[in-house]
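Structure first, commentary second.
The values are calculated or read from the model by the stated rules, or taken from the named source; none is laboratory data. Bear in mind the structure is a predicted one, so any value in this text is a computation, not a measurement. Note that we place each Cβ from the backbone using ideal geometry, even for glycine, and neighbour counts take in every protein chain shown.
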Amino acid sequence: MTEPCEFLKKIALFQDLEDNEVQEVLIHTSPRNFSAGAVILQEGETGDSLFIMCRGEVEITKALTLVLEEDTPREKVMIRLRAEDGVCFGEMALLENEARSATVTASSDCSLLELHQKDFLALIQENPQMGLKILLRLAQVLSRYLRKSNQDVIKLTTALAIALGG
């Protein structure tokens, strides 16, 4: 693995941070390892932490709300994430203690860093300037997710309208 500061700077949330600020973030994280096939996050469970991928690959799935036939899959693979792409997941849990919006399963053995909401909030209170940088990036990431969700809803609504002949 590359040097921790440089590695963390590949993550969108932390790319504006100085090396000393990245070190502060690292101090507040805990290493977590998961074997291939292990469920890291379960959709519907309450979440309170962000996971930063250091090594491995995960699969993010969402439960289908309408299953018409027995042989229909119950989940849909939404995306696969690889650590070398500089990714994290669970960002919403830094802001609220709500149900996880998807299930994340290790596709290979994974090494992650976990940042709990309470530690994140303490970190940004201790250093408001750094907190502003992270929160601005977090807002941009969540805005991007919302924009993509809106585009997906329009596509699905259009496809449904065409399928129903209207």
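So which residues in the range 78-113 are of a type outside the set (S, T, N, Q), crowded, with 16+ Cβ neighbours inside 10 Å and in a strand (DSSP E or B), if there are any at all?
Step one: filter the range 78-113 for residues of a type outside the set (S, T, N, Q), giving 78-96, 98-100, 102, 104, 106, 109-110, 112-113.
Restricting the remaining residues to those that are crowded, with 16+ Cβ neighbours inside 10 Å gives 81, 83, 86-94, 100, 102, 104, 106, 110, 112-113.
Hits for the range 78-113 are 81, 88, 89, 104, 106, 110, 112, 113.
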Pairs with Cβ under 6 Å, 6+ apart, first in the range 1-13 and within 16 Å of residue 124 (Cβ to Cβ), second modelled with pLDDT of 75 or more and basic (Lys, Arg): 13/137
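Residues of the range 100-119 being under 15 Å from the mean Cα position of the chain (by Cα) and within 14 Å of residue 29 (Cβ to Cβ), which ones?
Here is the first cut: in the range 100-119, the residues under 15 Å from the mean Cα position of the chain (by Cα) are 100-106, 110-117.
Result: 111, 112, 113, 114, 115, 116, 117.
Can you pull out every residue in the range 114-135 that is surrounded by 15 or more Cβ atoms within 10 Å (Cβ to Cβ) and without any contact (Cβ under 8 Å) to a residue 12 or more places away in the chain? Outline the logic, then answer.
Restricting attention to the range 114-135, the residues satisfying the condition of being surrounded by 15 or more Cβ atoms within 10 Å (Cβ to Cβ) are 114-117, 119-120, 123-124, 127, 130-131, 133-135.
Those that are surrounded by 15 or more Cβ atoms within 10 Å (Cβ to Cβ) and without any contact (Cβ under 8 Å) to a residue 12 or more places away in the chain: 124, 131, 135.
Would you confirm, using the coordinates I've provided, whether residue 65 is at pLDDT below 90 and not aliphatic (A, V, I, L, M)? Before you say what the answer is, go through the steps one by one.
Numbers: at pLDDT below 90: yes; not aliphatic (A, V, I, L, M): yes.
Yes: the conditions hold for residue 65.
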For the range 44-55, state whether one or more residues are at pLDDT below 95, of a type in the set (Val, Ile, Thr) and more than 16 Å from residue 82 (Cα to Cα). yes
